[in-house]
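**Student:** First, the structure itself, so that you have it in front of you.
The values are calculated or read from the model by the stated rules, or taken from the named source; none is laboratory data. Remember, predicted model here, so these are calculated numbers, not experimental data. Because the Cβ atoms are built from the backbone with ideal geometry, glycine has one as well, and the counts that use them run over all protein chains shown. Just the protein is used for accessible areas: all its heavy atoms, side chains included, with ligands, DNA and RNA removed. Shrake-Rupley method; radii C 1.70, N 1.55, O 1.52, S 1.80 Å.
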Amino acid sequence: MTELWRGFEVALQPVNLLWGMAGVTLGTAVGVLPGIGPALTVALLLPVTYGLDPTAALIMFAGIYYGAMYGGSTTSILLNTPGESATIVTAIDGHQMARNGRAGAALATSAIGSFVAGTLSTIALSVTAPVMVRMALAFGPAEYFALMVLAFVTVTTVLGGSNLAGWLSLLLGLVLGSVGIDALSGQARFTFGIPYLLDGIDPVIVAIGLFAIGETLWVASRGPGRDEILPVRGSMWMTAEEWSRSWKPWLRGSAIGFPLGALPAGGADLPTLMSYAVEKRLSDRPDEFGHGAIEGVAGPEAANNASAAGTLVPLLTLGLPTSATAAVLLAAFQQFGLQPGPLLFEHEPALVWGVIASLYLGNVMLLVLNLPLVGLWVKLLSIPRPWLYGGILVVASLGAYSVHRSAGDLLLVACIGIIGYGFRRVDAPVAPVMIGLILGPAAEQHLRRALAISQGDWTPLLTRPLSATLLGVAVMMLVWGTVRGRTSRA
């Protein structure tokens, strides 16, 4: 608890408070706008924050992540267009509530449920992070390699639309991570005689290309679209009955979202789906689900926000990203020369606990922003999409050039953007590219160290208990993914 109080001292500094407020405000805005998520936003801002204090920048990024989780429900409820895949479930009953004149109640239970879940899950993060750090300190090179193998397998089976698509996406990331001078041998790899590639491929450039350029091209290819925005009619508050029907789903959603969000490649999709299924099974009015049941909004939204804090557990304690946004956040740490993991808690405790403490403050800020200012967020939906994504394209190009002030970066970000667009066309996931790019070199280094310690003997990878357990889980996940893929095609 002493570290957490010191974290509050950091987070409550006026400068950090301002950056935290900027983050949650921007996060709410990008959550409201369809198709613009936290991963895209953080990727765009990475070049801009090079000159910032690392603590302030990471507090802002954390605020963007949490704010987007809050704001995504507005689009789902009023527009029936989920901005993120995690808010698809919210749209089922939330949009029906809006059509029935209960948009205010849907938005209110979403905002309050997000606050409750965000606070409870941040408490859980504060408690579990030190425990995970103590466990991670027992990891050697073999255990870290096995952990990353598990991450590679699960990211293809959970985030991948199909096993093949997930593996191809991951393979591209691993190849991109291998480009440049090998740190151990000094040999150039995959550079094809191009001097620009000797320094390797910057994850910031890849993030901008995949999420900003790729998404812009994808939206442009689908045309302008015509979406009906439902007005917010009636009271902006909940009745006593709606309160009584919401508070239990908030708690259950929090309990479901946090642990599932911490799983490798778990993200928020699985917790929201599971929360919806649990609420429908436990409800006295299951027939209302799909027609405007408030529990169908309260539970999934709580699970959505709780999973965000869960995602931060493996990211901060093990350096393991379990979602697209977490992968971009890992790139944000690395641009400041920081490597998330157990040693980060030892070497930079003020920064880590300052970020965690800022989540408590951000939840309060978001509750204030979301309930009274919902009318302002609704107006953002009227921005013409060509203007919006045209602006993103310009900002992305400027940001990519500002990283190294190199024309080669502009060419690379355009190529990566085209690849990102192609992935969306064939419904292939882009998150495994980032995870392979960032974790691939680290996995290679840990494998080389493990083999150096064992003098080239591979058996310690299978005989060390923790390493063998992690590899065994990876094999089970691989089998499960293969069986699931064949079942879905049958």
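**Student:** At 0.36 nm per residue, and after removing the present C-alpha to C-alpha distance, how many nm does the segment from E346 to R448 gain when stretched out fully?
**Tutor:** 34.2 nm
**Student:** How much net charge surrounds E295 when only other residues with a Cβ under 14 Å from its Cβ are counted (Lys, Arg +1; Asp, Glu -1)?
**Tutor:** So the surrounding residues net to -1.
**Student:** Moving to a separate point now. Rounded to the nearest percent, how much of the accessible area of the chain (1.4 Å probe, protein heavy atoms only) is carbon and sulfur?
**Tutor:** Its accessible area is 67 percent carbon and sulfur atoms.
**Student:** Which order do the peptides 359-369, 386-396, 293-303 take when ranked by the mean count of other beta-carbon atoms within 10 Å per residue, highest first?
**Tutor:** My ranking of the peptides, most packed first, is 293-303, 359-369, 386-396.
**Student:** Moving on to the next point. Kindly sort Y66, Y196 by accessible area of their heavy atoms, largest first, with the probe set to 1.4 Å.
**Tutor:** The ordering from most to least exposed comes out as Y196, Y66.
**Student:** Continuing with this model, one more query. Test of understanding: what is the full-extension gain from L184 to F8, defined as 0.36 nm times their sequence separation minus their Cα-Cα distance?
**Tutor:** 59.3 nm
**Student:** How would I383, I36 line up by accessible area, probe 1.4 Å, largest first?
**Tutor:** If we order I383, I36 from most to least accessible, we get I383, I36.
**Student:** Taking a ≥ b ≥ c as the square roots of the eigenvalues of the Cα gyration tensor of region 1-68, is the shape rounded (a/c under 1.5), prolate (a/b larger than b/c) or oblate?
**Tutor:** Taking the square roots of the gyration eigenvalues as a ≥ b ≥ c, region 1-68 is prolate.
**Student:** Between exposed trypsin sites (Lys or Arg not before Pro) in the chain, where DSSP calls loop and at most 13 other Cβ atoms lie within 10 Å, what's the longest gap?
**Tutor:** With a cap of 13 other Cβ atoms within 10 Å, the longest stretch comes to 1-221.
**Student:** Divide by every residue of the chain the summed helix terms, -39500 (n - 2.57) for each DSSP H run of at least 4, and state the resulting mean residue ellipticity at 222 nm, rounded to the nearest 500 deg cm²/dmol.
**Tutor:** Computed mean residue ellipticity for the chain: -24000 deg cm²/dmol.
**Student:** For D287 and I418, FRET efficiency with R0 = 51 Å and r from the beta-carbon atoms, rounded to 0.05?
**Tutor:** 0.60
**Student:** Next question, about the same structure. What is region 311-426 by shape, rounded, prolate or oblate, if you read a ≥ b ≥ c off the alpha carbon gyration tensor as root eigenvalues and call it rounded for a/c under 1.5, prolate for a/b larger than b/c, and oblate otherwise?
**Tutor:** Because a/c hits 1.5 or more and a/b fails to exceed b/c, region 311-426 counts as oblate.
**Student:** Could you give the accessible area per residue of the chain, probe 1.4 Å, as a whole number in Å²?
**Tutor:** Ligands and nucleic acids excluded, the result is 42 Å² per residue.
**Student:** What is the gain in length, in nm to one decimal, between Y401 and L376 on full extension, counting 0.36 nm per residue of separation less the C-alpha to C-alpha distance?
**Tutor:** Gain on stretching Y401 to L376: 5.7 nm.
**Student:** Shape verdict for region 281-355, please, from the Cα gyration tensor: rounded (a/c under 1.5), prolate (a/b greater than b/c) or oblate.
**Tutor:** Cα axes put region 281-355 in the prolate bin.
**Student:** Continuing with the same structure: Where does region 124-223 land on Rg/Rh, using Cα atoms and the Kirkwood Rh?
**Tutor:** That ratio equals 1.07.
**Student:** Also: Which whole DSSP H helices in the chain pass both tests: a Cα extent of 18 Å or more along the axis and a mean Kyte-Doolittle value no lower than 0.0?
**Tutor:** Helix filter hits for the chain: 14-32, 54-79, 103-136, 141-158, 163-178, 295-318, 349-370, 385-404, 407-425, 431-453, 465-489.
**Student:** In addition: Filter the chymotrypsin sites (Phe, Trp or Tyr not before Pro) in region 398-490 to those in DSSP coil with at most 16 other Cβ atoms within 10 Å of their Cβ, and list the result.
**Tutor:** W458
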